[in-house]
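Below is one structure, written out as structure tokens; comments come after it.
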Amino acid sequence: MNLADLNKVALAMVAPGKGILAADESSGTIKKRFDVIGVESTEDSRRDYRELLFRSKEAMTQFISGVILYDETIWQKAKDGTPLVKLIEQAGSIPGIKVDEGTQALPGCPGETITVGLDRLAERLKKYYEQGARFAKWRAVIDIGQGIPSYTAVMTNAHALARYAALCQAAQIVPIVEPEVLMDGDHDIDRCYEVTEFVLKEVFQQLYYQRVALEGMILKPNMAIAGKKSAKKASVNEVASKTVKLLKACVPSAVPGIAFLSGGQSDEEATAHLDGMSRIGGLPWGLTFSYGRALQAAPQKTWSGKTDNVAAAQQAFTHRARMNSLASKGEWKADLEKKQAA
Ligand code: 13P
């Protein structure tokens, strides 16, 4: 492992004003997204859609530091034969790869899951590196509910995350460590805070036990936020101040960067929350976005599978990327959203 090079890549992933595009939806998830816009999910339609994103020159060169790809996409070629990975590299962005293989029921823990995919991961990482991937992602999923999460679920998922991260660094790939506490329930922001704190403490303990170099990784957490069905919605200021407090309590300053998931927040909420945190300032790590839905919902809807809509969809993507870039610098304003809508 060359830690100086891993650190360089990690810092580039959170370069000022830039963030990560999570375009790593599994075939099942992208089908769900395409169902909403009435597009059949085929190898070609998935390729056409992702090619549209990666050819959005302004967004990709100015606002997107890296792209997380799904296994299918990293091997695909654009319509003109250029590998999609090359399109990303030509825009000055870094290709990355989702390497977990989804979740399975965790035995003995009803309603809880464990993320799988460690078997043969070392060999897979070697192939992904040869194909151009310089970072990877593994998502652990923690649900909040009656009597959950259990320590068993938190500990086994943190253990797997650290196993994955150590294997990535041995393969000269920067691991994005993503322990996602879901915002699906009716819990309030303080319950989310408490569970996320418990999860992050365990994750960093496991990273330490498994000798992961913090300087060569990126953390991808959820924000401290009320559940979608909560009766008590938290304000932007409350989400921003509690999330910053939480991260300061749990994330060592040796970590180069934190890139949030959007997790089902609306496009504008995800942007406003990031902006609120950046305005607090004085943080030891780079803070930015690694959004999937909050970057892609708008371009997906505009595109709706039609070639004639490609340019407009690219504009919609560029707008969201620009808004989140501004938010990562604490320079976003709600008025800027209205200008695009007008
Ligand atoms: P969302 O921003 O849609 O939550 O997706 C980010 C991601 O990579 C989840 O694993």
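The values are calculated or read from the model by the stated rules, or taken from the named source; none is laboratory data. Computed from a predicted model, the values in this text were never measured in an experiment. Here the Cβ is made from the backbone with ideal geometry for all residues, glycine too, and neighbour counts use every protein chain on show.
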Would you tally the residues in segment 208-247 being within 16 Å of the ligand (Cβ to nearest atom), within 25 Å of residue 6 (Cα to Cα) and among the charged types (D, E, K, R)?
1
Counting only residues that are crowded, with 24+ Cβ neighbours inside 10 Å and within 17 Å of residue 181 (Cβ to Cβ), which one in segment 248-260 is nearest to the ligand (Cβ to nearest atom)?
260
List the pairs whose first member sits in segment 170-191 and is within 15 Å of residue 115 (Cα to Cα) and more than 11 Å from the ligand (Cβ to nearest atom), whose second member is polar (S, T, N, Q) and assigned to a loop (DSSP other than H, G, I, E, B), and whose Cβ atoms are under 8 Å apart, counting only residues at least 6 apart or on separate chains?
181/222
Tally time: how many residues in segment 2-33 are part of a helix (DSSP H, G or I) and touching a residue at least 60 places away in the same chain (Cβ under 8 Å)?
10
Report, by residue number, each residue of segment 256-268 that is of a type outside the set (D, E, K, R) and out of contact with any Pro (no Cβ under 8 Å at 6 or more places or on another chain).
256, 257, 259, 262, 263, 264, 265, 266
Which pairs have Cβ atoms under 8 Å, sit 6 or more apart or on different chains, and link a residue in segment 120-142 that is away from the ligand (no atom under 15 Å from the Cβ) to one that is part of a helix (DSSP H, G or I) and hydroxyl-bearing (Ser, Thr, Tyr)?
121/164
Please go through segment 209-237 and give me each residue that is in a helix (DSSP H, G or I) and in contact (Cβ under 8 Å) with a residue 40 or more places away in the chain, ordered by number.
209, 214, 215, 216, 236
Specify which of the listed residues (173, 189) is among the β-branched types (Val, Ile, Thr), over 19 Å from the mean Cα position of the chain (by Cα) and at pLDDT 95 or above.
189
For segment 4-49, how many residues are over 16 Å from the mean Cα position of the chain (by Cα) and closer than 14 Å to residue 70 by Cα?
7
Would you check which residues across segment 114-153 are closer than 24 Å to residue 174 by Cβ and assigned to a helix (DSSP H, G or I) and list them?
121, 122, 123, 124, 125, 126, 127, 128, 129, 130
Of the residues 316, 334, 327, 321, which is hydrophobic (A, V, I, L, M, F, W, C) and more than 22 Å from the chain's Cα centre (by Cα)?
334
For residue 234, state whether it is buried (at least 17 other Cβ atoms within 10 Å of the Cβ), closer than 26 Å to residue 278 by Cβ and in contact with a Ser or Thr (Cβ under 6 Å, 6 or more places away or on another chain).
no
Looking only at segment 215-228, filter to residues that are in contact with an Asp or Glu (Cβ under 9 Å, 6 or more places away or on another chain) and within 13 Å of residue 189 (Cβ to Cβ); which one of those is surrounded by the fewest Cβ atoms within 10 Å (Cβ to Cβ)?
228
Farther than 30 Å from residue 169 by Cα and assigned to a helix (DSSP H, G or I), is that true of residue 58?
yes
Within segment 192-207, work out how many residues are β-branched (Val, Ile, Thr) and more than 16 Å from the ligand (Cβ to nearest atom).
1
List the helices (runs of 4 or more DSSP H) inside segment 266-342, counting only whole elements, that have at least 3 residues being buried (at least 20 other Cβ atoms within 10 Å of the Cβ) and within 16 Å of the ligand (Cβ to nearest atom).
267-280, 293-303, 310-328
What about residue 71, is it touching a residue at least 40 places away in the same chain (Cβ under 8 Å), of a type in the set (Asp, Glu), within 16 Å of the ligand (Cβ to nearest atom) and under 30 Å from residue 199 (Cβ atoms)?
no
Tell me which residues, restricted to segment 166-208, are assigned to a helix (DSSP H, G or I) and either over 25 Å from residue 245 (Cα atoms) or acidic (Asp, Glu) (or both).
166, 167, 168, 169, 170, 190, 194, 197, 202
